[in-house]
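First the structure, in the form of structure tokens, and then the observations on it.
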Amino acid sequence: MEEKKRSILNERSSWVVGSIILLVIVIILAQQRGQGVFGGNNTATQIYFVDNISQAHSELINRFNAEYSGRIEVVPVDLPFEKFSTNERKQVLAKSLRSKSDRIDVFAIDLIWGARFARWAEPLNPYFTIYERNKSLEVALESCYYKEDLIAAPFYIDVGLMYFRTDLLKKFPGGDSLAHKLRQSLTWSEFIELSNKMPQMRPFYAFSAKNFEGLVCSFMEPLLSQNPEIFNRDSIQLDTPEARKSLQMLVDLVHKYHLAPKEITRFDEVQTYFYALDNDIPFFRGWPGLIRHYRNSPYSEKLQFLEPCALPHLDGKKPASVFGGWNLMVSRFSTKKREAVEFIKFVLREESQRLLFEQGGYIPISKSVYQDSVYFSEHQDLKYYHQLLKNGIHRPFLVNYTKISDVLSYYIQRAIKNEISVEEALRLATRDINSQTMRIN
């Protein structure tokens, strides 16, 4: 009876949260209309594009609107990462598309959401030839298919990495030679040993441990490096030695080795970045693009000392970093699908991909960018990101992945908070993932 009551309360809570989020996007659209964003050239077909609209996005949209002036106008709908976590963006989009609204034409999804959002996406097979598809990196294109249908187009690719502060690294014994080892990837044992050489430098490492997808990525990396087939079963079993080792490592970083601060359970990626920079933490987990994206922020002085490197890996295993990135979908309910596809094809052009990288740090998905040896030599950071992509691993492309992720992030965070043991967290996660109803709060 108590379990049933809790389930009902959770359903009501989810409904209320979803309704509020839907209201947020309606307000955003209304505000933009009031500000004249919708009031461009009346002869042009307007298509609404929902994403985190960075400076690079804005420049890309401006170039498209100039080239297609009088024909097509892209209207941006901004869901900034500073205000919407990855999970909140997922809820915003799902709620709006579930209502079959035609107010969204193109929208960006986390590459792992493809199966979840396929029902609301226009199949793109008729719009993109095999030749056009083959212009994109295979690892990016792989996430754009569902049941043999092309349901999205790659926008940019990401790969998990660690940042280190070069100014702080100079304080370490042998700091100059250490940078090279970091780029190759230390083992977690070596990383912990390194921290012991500078006991006064605490916190030493930060990662995002809020109840959201970013925390699941940190769990998936050591897990999939041990057993890449763990999700290829009829039922998900996470009460395993590999999963226990992965989660125990995250817990130990906070409570045993005291490398990461307890505050990280409140932080998504952006909050982790700012906390690490504010508190001069020498190492923290992140994604490409941080340095370019925030170069004009109040953190610009410290950003000049940041460099990316490979995440540490488990002893005896190969370095592994979760692929991230965002894909573009055309809404099934859009009344301007061909115009929406025109915008996507513009985004996929080599010059557009270069612009996104140069202004926003977004890793290009266009093969031709990497085949240009002159461009490669001029952008050493891109060359290194390309190297890190070789360590990339995909999270499982499952229809119910978002449920798996929601359950995992909830129990992983509780374990890191020391509210439940590692064993209990994984046992409960396995139970809830394989159940027909959601039991988490």
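The values are calculated or read from the model by the stated rules, or taken from the named source; none is laboratory data. Values in this document were obtained by computation on a predicted structure and should not be read as measured data. Counting neighbours? That spans all protein chains shown, and the Cβs are built from the backbone with ideal geometry, glycine included. Surface areas here come from the heavy atoms of the whole protein model, side chains and all, with no ligands, DNA or RNA. Shrake-Rupley method; radii C 1.70, N 1.55, O 1.52, S 1.80 Å.
Below are the figures for this structure:
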read-out: Per-q log10 I(q)/I(0), the stretch 320-436, q = 0.15 Å⁻¹ (Debye; single scatterer per alpha-carbon; no solvent); value: -0.89
read-out: Value of [θ]222 nm, deg cm²/dmol, for the chain, DSSP H segments ≥ 4, -39500 (n - 2.57) each, nearest 500; value: -14000 deg cm²/dmol
read-out: Projected-area average for the stretch 89-205 over all orientations - Cα convex hull basis, square nanometres; value: 11.3
read-out: Dimensionless Rg over Rh [the stretch 100-163; C-alpha; Kirkwood]; value: 0.99
read-out: Pairwise label distance in nanometres, residue 71 with residue 229, each label 7 Å out on the Cα-Cβ vector; value: 5.1
read-out: The stretch 150-222 - Kirkwood radius from inverse mean 1/r over Cα pairs (Å); value: 14.8
read-out: Largest-first ellipsoid semi-axes for the stretch 261-386, taking √(5λ) over the Cα gyration tensor eigenvalues, angstrom; value: 30, 20, 17
read-out: Mean shadow area of the stretch 281-348, taken as a quarter of the surface of its Cα convex hull (nm²); value: 8.4
read-out: Local net charge near residue 282, Cβ-Cβ under 13 Å (Lys/Arg +1, Asp/Glu -1); value: +4
read-out: Among 91, 304, 353: highest mean-square fluctuation, GNM of the chain, C-alpha pairs under 10 Å; value: 304
read-out: Computed E for residue 63/residue 176 - FRET, C-beta separation, R0 51 angstrom, nearest 0.05; value: 0.75
read-out: Translational diffusion of the stretch 339-381, µm² s⁻¹ [Kirkwood Rh, Cα pairs; Stokes-Einstein; 25 °C; 0.890 mPa s]; value: 226
read-out: From the C-alpha gyration tensor of the stretch 45-99, square roots of 5λ in Å; value: 24, 15, 5
read-out: Residue-level accessible surface for residue 110, protein heavy atoms, 1.4 Å, Å²; value: 10
read-out: Cβ-derived FRET efficiency at R0 45 Å, residue 130 paired with residue 197, nearest 0.05; value: 0.25
read-out: Kirkwood Rh and Cα Rg combined as Rg over Rh, evaluated for the stretch 270-313; value: 0.92
read-out: Amide proton proximity set for residue 325, modelled H, under 5 Å, gap of 5+; value: 111, 158
read-out: Two-decimal Rg/Rh across the chain, once Rg and the Kirkwood Rh are taken from alpha-carbon atoms; value: 0.96
read-out: Calculated FRET efficiency for the pair residue 394/residue 304, C-beta based, R₀ 45 Å, to 0.05; value: 0.85
read-out: Nonlocal Lys pairs with alpha-carbon distance under 24 Å, the stretch 94-195 (8 or more apart, or different chains); value: 5
read-out: Set of aspartates and glutamates with alpha-carbon distance to residue 337 below 17 Å, sequence-local pairs under 8 removed; value: 73, 102, 105, 122, 149
read-out: Contour excess over end-to-end distance, with Cα ends at residue 378 and residue 149 and 0.36 nm allotted per residue; value: 78.7 nm
read-out: Evaluated at q = 0.15, 0.17, 0.19 Å⁻¹: base-10 log I(q)/I(0), Debye formula over Cα of the stretch 196-343; value: -0.90, -1.05, -1.21
read-out: From the C-alpha gyration tensor of the stretch 373-416, square roots of 5λ in Å; value: 36, 14, 8
